[in-house]
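Okay, structure first, notes after.
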Amino acid sequence: MSASCPVGYPLPWAPAPDIPQSWAALRERPLVEITLPSGEPALLVTRYKDVRRLFADERLSRNTFGRASRVSASNDLFGDPNIDNDPPRYLIERAVVMRAFSARRIEALREVVKRIVAELLDAMEAGPRPAELMESFAYPLPILVICHMLGVPPEDRPKFRRLIDGFLSVTRLPADEVEECRRQYWDYLTELIEAKRARPGDDLISELIEISREDPAKLTDYQLQHWVKTLLIAGYVTTASQLGTSMAVLLHRPEVTAELRADLSLVPSAVEELLRYQIMGTSLGTLRYAVEDIELLDGVTVIPKGSTVLLSQESNMDPEEFDDPLTLDIRRTDNHHLTFGAGIHFCAGAALARMELQEAMEGLLSRFPELRLAVPGEELARPEGGFLAGYTAVPVSW
């Protein structure tokens, strides 16, 4: 890669469900100049150790609105001038939200997830073949789970999905349509929260409302709405994309699928390896703004103050951290990937996502011993202009 020519980001994918060999060239320099979909510049931090350290570095601010380059020319995505995403304010809000994502709460949800998985697989088995895995399974599962957890009425699911898809447009939709989806989504959440205030239930939104009522200094009404918005998006779209693309990557390798099917105790490590392999995502969600000069670990390279920065989750392929990183190894141990971030910005919903992915993968492989892709992996289509880079459809048969 030329040091003088910015690289277009997100990076292009290989046609098959494989990691592009060109990604190795990223690590030739610890800091790479890139051009975002908006056409604006940014710097991509490429090496694992730098990325892990910088996730916790307070000199990289997440308050990017109005000062950092924009991901999209038509969409501010998660920019909000009314929300402070940096310590200490962020830590207060995060502590409140993390109470709701305790290990005990997530484990208590496992039986609910098993039931939803079984119902979706029943419908898949009774339906036509080939089945389309994204629409019949990968999208419905996390929507049903997060709706259950947060107390969103199931009948709102289609509207919820349409508005979130619009909200997450990078280049796919024009600015006026993005703004309309954003407005409708915010209005919908306002109505939902007010309904929960009037009739609290045994759900996460009702719990957050009670915390806000008891101590508004911890969670104001606006912050409450912001976190509900964020949790609904994160609990749905990232898990759905990861599930669909994980299965595509796995089924593209029949020998690995057979190994996993023969020993389902490997499912947890397979889930982690597929998360590391990062076939569905980009680093657009790690957008930061440098409030000071920051020296990288090589002792030479400096992120200049005022720079827009992305923390490369492609660093999951760094050979200094992972042996043979371009190989999918479902028996890999000590898999400290950065797909969920790190430090104070480690994903609040990581435990929920892991549990859903484990139950989904085990359910699919157990129910359909002959599960396979119905088309060659090279023919799977990727979405254009969205926030994530998974697959639009994954046809399967058995």
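The values are calculated or read from the model by the stated rules, or taken from the named source; none is laboratory data. Note that the structure is predicted; figures quoted are calculated from it, not measured. Heads up, the Cβs are rebuilt from the backbone with ideal geometry, glycines too, and the neighbour counts pull from every protein chain shown. The area values use the complete protein model at the heavy-atom level, side chains included, leaving out ligands, DNA and RNA. Shrake-Rupley method; radii C 1.70, N 1.55, O 1.52, S 1.80 Å.
Data for the structure
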| read-out | value |
| --- | --- |
| Tally, over region 382-398, of residues that are of a type in the set (A, V, I, L, M) and either closer than 20 Å to Gln313 by Cβ or at pLDDT below 85 (or both) | 2 |
| Test result for Ile211, among the hydrophobic types (A, V, I, L, M, F, W, C), within 15 Å of Arg99 (Cβ to Cβ) and either open to solvent by less than 70 Å² (accessible area, probe 1.4 Å) or without any contact (Cβ under 8 Å) to a residue 40 or more places away in the chain (or both) | yes |
| Unmet requirement for Val117, which otherwise passes all of (1) closer than 27 Å to Pro200 by Cβ; (2) at pLDDT 90 or above; (3) open to solvent by less than 40 Å² (accessible area, probe 1.4 Å) | (1) |
| Candidates Ile330, Ile344, filtered to the one that is β-branched (Val, Ile, Thr) and either over 30 Å from Glu125 (Cα atoms) or surrounded by fewer than 14 Cβ atoms within 10 Å (Cβ to Cβ) (or both) | Ile344 |
| Elements of type helices (runs of 4 or more DSSP H) contained in region 45-145, each with 1 or more residues being touching a Phe, Trp or Tyr at 6+ places or on another chain (Cβ under 7 Å) and of a type in the set (Ser, Thr, Tyr) | none |
| Some residue of region 361-384 being open to solvent by less than 60 Å² (accessible area, probe 1.4 Å), touching a Pro at 6+ places or on another chain (Cβ under 9 Å), outside any loop (DSSP other than H, G, I, E, B) and more than 24 Å from Trp13 (Cβ to Cβ) | no |
| Complete set of residues in region 170-206 that are polar (S, T, N, Q), over 17 Å from Lys159 (Cβ atoms) and assigned to a helix (DSSP H, G or I) | Ser206 |
| Yes/no for Ala234 being open to solvent by less than 10 Å² (accessible area, probe 1.4 Å), under 25 Å from Asp165 (Cα atoms) and out of contact with any strand residue (DSSP E or B) (no Cβ under 6 Å at 6 or more places or on another chain) | no |
| Residue check for Val309: open to solvent by 20 Å² or more (accessible area, probe 1.4 Å) and either closer than 22 Å to Ser283 by Cα or modelled with pLDDT of 90 or more (or both) | no |
| Only one of Ser22, Ser38 that is surrounded by fewer than 17 Cβ atoms within 10 Å (Cβ to Cβ), among the hydroxyl-bearing types (Ser, Thr, Tyr) and part of a loop (DSSP other than H, G, I, E, B) | Ser38 |
| Qualifying residue in region 55-62 (condition: surrounded by 18 or more Cβ atoms within 10 Å (Cβ to Cβ), more than 19 Å from the chain's Cα centre (by Cα) and of a type in the set (Ser, Thr, Tyr)) | yes |
| Filter result for the condition that a residue is in contact with a Pro (Cβ under 7 Å, 6 or more places away or on another chain) and either small (Gly, Ala, Ser) or modelled with pLDDT under 80 (or both), over Ala14, Ala25, Ala42, Ala3 | Ala14 |
| The listed residue being closer than 28 Å to Leu133 by Cα and either open to solvent by 20 Å² or more (accessible area, probe 1.4 Å) or assigned to a loop (DSSP other than H, G, I, E, B) (or both), out of Asn316, Asn335 | Asn335 |
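Yes/no per residue for (1) surrounded by fewer than 21 Cβ atoms within 10 Å (Cβ to Cβ); (2) modelled with pLDDT of 95 or more; (3) in a helix (DSSP H, G or I):
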{"site": "Thr230", "(1), (2), (3)": "yes, no, yes"}
{"site": "Ala240", "(1), (2), (3)": "no, no, yes"}
{"site": "Gly244", "(1), (2), (3)": "no, no, yes"}
{"site": "Thr257", "(1), (2), (3)": "yes, yes, yes"}
{"site": "Val271", "(1), (2), (3)": "no, yes, yes"}
{"site": "Leu274", "(1), (2), (3)": "no, yes, yes"}
{"site": "Met280", "(1), (2), (3)": "no, no, no"}
